[in-house]
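Student: Here it is, the structure in full.
The values are calculated or read from the model by the stated rules, or taken from the named source; none is laboratory data. All values derive from a computational prediction rather than experimental measurement. Using ideal geometry, Cβ is built from the backbone for each residue, glycine included, and neighbour counts are taken over all protein chains shown.
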Amino acid sequence: MIEDIESATPALCRLHLASELRQLRLEAGLTAAEVVKTLLWSPSKLNRLESAENSVVEPADVMALCKIYQANDETLAILKGYAEVTKTKRDWWNSSKYRPAVRPQFRAFLGLEATASTLHTYQSEFVPGLLQTEAYVRVIHQRAHEGLSDEEIDRLVSVRMARQEALTRKDSPLRLTAVINESVLRRRVGSKTVMREQLAHIARVASQANVRVQVVPFEAGEHDGMNGSFTVLQFPDRILKPIVYLENLADTWVIRRETDVRRYEDVFNELEALAPGAQESLNMIKNASKEFDTDDHHG
């Protein structure tokens, strides 16, 4: 339960609602199919509620579910309070400043990232988003979204920058462990100045107690991370089970099945063991930065 609902974010309330509504259904001995049949809902509606994928939760829907689950008055009042928060407050990505730049399928991930306690990410091509500088982000978006106006690019960049506040939030900052391929350090994105500043930024952020960065060197040879980049998110107080986030050029998706999530967790643990420790990895980052010491006019 959320102790201070007045200061709770909509994302956190949605996660608690998802977890507690699912638990109430299980305790009532009901399947999702039985619930949607009784309420004349679509299966996707209940799934979105139990997956925290709705930006707004209607108190009437919570009341209908609690009635079927025979929840007590106290539980009903608390869950209705969570739903009210989702209706009266906005997460930052749903504000007029950011919403035009956020694809609908990405909003669900932002809610998960904003409330996660731990994030483990392996990146083979890019600097992890939470560690990118504004200049690096801008170059990536200009390349990936040719034809967009400067204003639209600015919005995309601002979304990435806003996400990074999770690392410095006052209430339980996100614990980040990033394992990156050495190629991320060597591949120039934009000018040499952009890369030099980007690598220096990684080194600075990695000095925070809640951030750890490791680098898988080329000499490590083949490894399971060669199948592609991925991110594993874990949540406080077990309000949700760990999930895996994947993305490619065309789409993004979340993996929730426990056996699949465990496979990714195992691969991440193997990559952590394969990569040098934090200090040796930091030395690799600093050495790579020296390759970009000479300014040029690229980008």
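Student: Those residues that are over 19 Å from ARG14 (Cα atoms) and in a loop (DSSP other than H, G, I, E, B), I need them from region 86-102; list them, please. Give the steps one after another, and end with the answer.
Tutor: Residues of region 86-102 that are over 19 Å from ARG14 (Cα atoms), as a first pass: 96-98, 100-101.
SER96, LYS97, TYR98 - these are the residues of region 86-102 that are over 19 Å from ARG14 (Cα atoms) and in a loop (DSSP other than H, G, I, E, B).
Student: Right, something else. When you scan region 65-78, do you find a residue that is in contact (Cβ under 8 Å) with a residue 24 or more places away in the chain, in the same structural domain as ILE243 (by TED's automatic domain parsing) and assigned to a loop (DSSP other than H, G, I, E, B), even just one?
Tutor: no
Student: If you don't mind, another one. Working only within region 138-172, note down all residues that are in a helix (DSSP H, G or I), within 19 Å of the chain's Cα centre (by Cα) and touching a residue at least 40 places away in the same chain (Cβ under 8 Å). I'd like the intermediate steps shown before the answer.
Tutor: Initial filter on region 138-172 (in a helix (DSSP H, G or I)): 138-144, 150-167.
Adding the requirement that they be within 19 Å of the chain's Cα centre (by Cα) leaves 140-141, 155-167.
Within region 138-172, ILE140, ARG155, LEU156, SER158, VAL159, ALA162, ARG163, ALA166, LEU167 meet the criteria.
Student: I'm checking my understanding of the structure. Among residues of region 217-276 that are polar (S, T, N, Q) and surrounded by 16 or more Cβ atoms within 10 Å (Cβ to Cβ), which one is nearest to the chain's Cα centre (by Cα)?
Tutor: THR231
Student: Any residue at all in region 114-137 that is hydroxyl-bearing (Ser, Thr, Tyr), in a helix (DSSP H, G or I), buried (at least 19 other Cβ atoms within 10 Å of the Cβ) and touching a Lys or Arg at 6+ places or on another chain (Cβ under 9 Å)?
Tutor: Yes: region 114-137 contains one or more residues that are hydroxyl-bearing (Ser, Thr, Tyr), in a helix (DSSP H, G or I), buried (at least 19 other Cβ atoms within 10 Å of the Cβ) and touching a Lys or Arg at 6+ places or on another chain (Cβ under 9 Å).
Student: Can I ask one more? Kindly state which strands (runs of 3 or more DSSP E) lie completely within region 198-299 and contain at least 2 residues that are at pLDDT 95 or above, closer than 22 Å to GLY111 by Cα and in the same structural domain as ASP171 (by TED's automatic domain parsing). Even if it seems obvious, please write down each step before you answer.
Tutor: Working: elements: 211-216, 230-234, 243-247, 252-255.
Hits in region 198-299: 230-234.
Student: Search region 89-137 for residues being within 12 Å of the chain's Cα centre (by Cα) and polar (S, T, N, Q), and hand back the single one that is farthest from SER207 (Cα to Cα). Let's see the steps before the verdict.
Tutor: Start the filter on region 89-137 by keeping residues that are within 12 Å of the chain's Cα centre (by Cα), which leaves 106-121, 128-130.
Filter once more, so that each one left must be polar (S, T, N, Q): 115, 117-118, 121.
Values: THR115: 22, SER117: 19, THR118: 17, THR121: 17 Å.
Restricting to residues being within 12 Å of the chain's Cα centre (by Cα) and polar (S, T, N, Q), the top hit is THR115.
Student: Could I ask something else about it? From the set of residues in region 6-57 that are surrounded by 14 or more Cβ atoms within 10 Å (Cβ to Cβ) and of a type in the set (Asp, Glu), which is farthest from the chain's Cα centre (by Cα)?
Tutor: Ranking the candidates gives GLU20 first.
Student: Give me the pairs, please: first residue somewhere in region 177-191 and surrounded by fewer than 17 Cβ atoms within 10 Å (Cβ to Cβ), second residue anywhere and not aliphatic (A, V, I, L, M), beta-carbon distance under 8 Å, and either six or more positions apart or on two chains.
Tutor: SER183/SER124; SER183/GLU125; SER183/PHE218; ARG186/GLU291; ARG187/GLU125; ARG188/PHE292; ARG188/HIS298
Student: Determine whether ARG175 is closer than 14 Å to THR231 by Cβ and touching a Gly at 6+ places or on another chain (Cβ under 8 Å).
Tutor: no
Student: Please list, ordered by first then second residue, the pairs with beta carbon atoms under 9 Å, 6 or more apart or interchain, first in region 278-289 and without any contact (Cβ under 8 Å) to a residue 24 or more places away in the chain and under 12 Å from VAL213 (Cβ atoms), second of a type outside the set (Phe, Trp, Tyr) and buried (at least 18 other Cβ atoms within 10 Å of the Cβ).
Tutor: GLU280/GLN214; GLU280/VAL215
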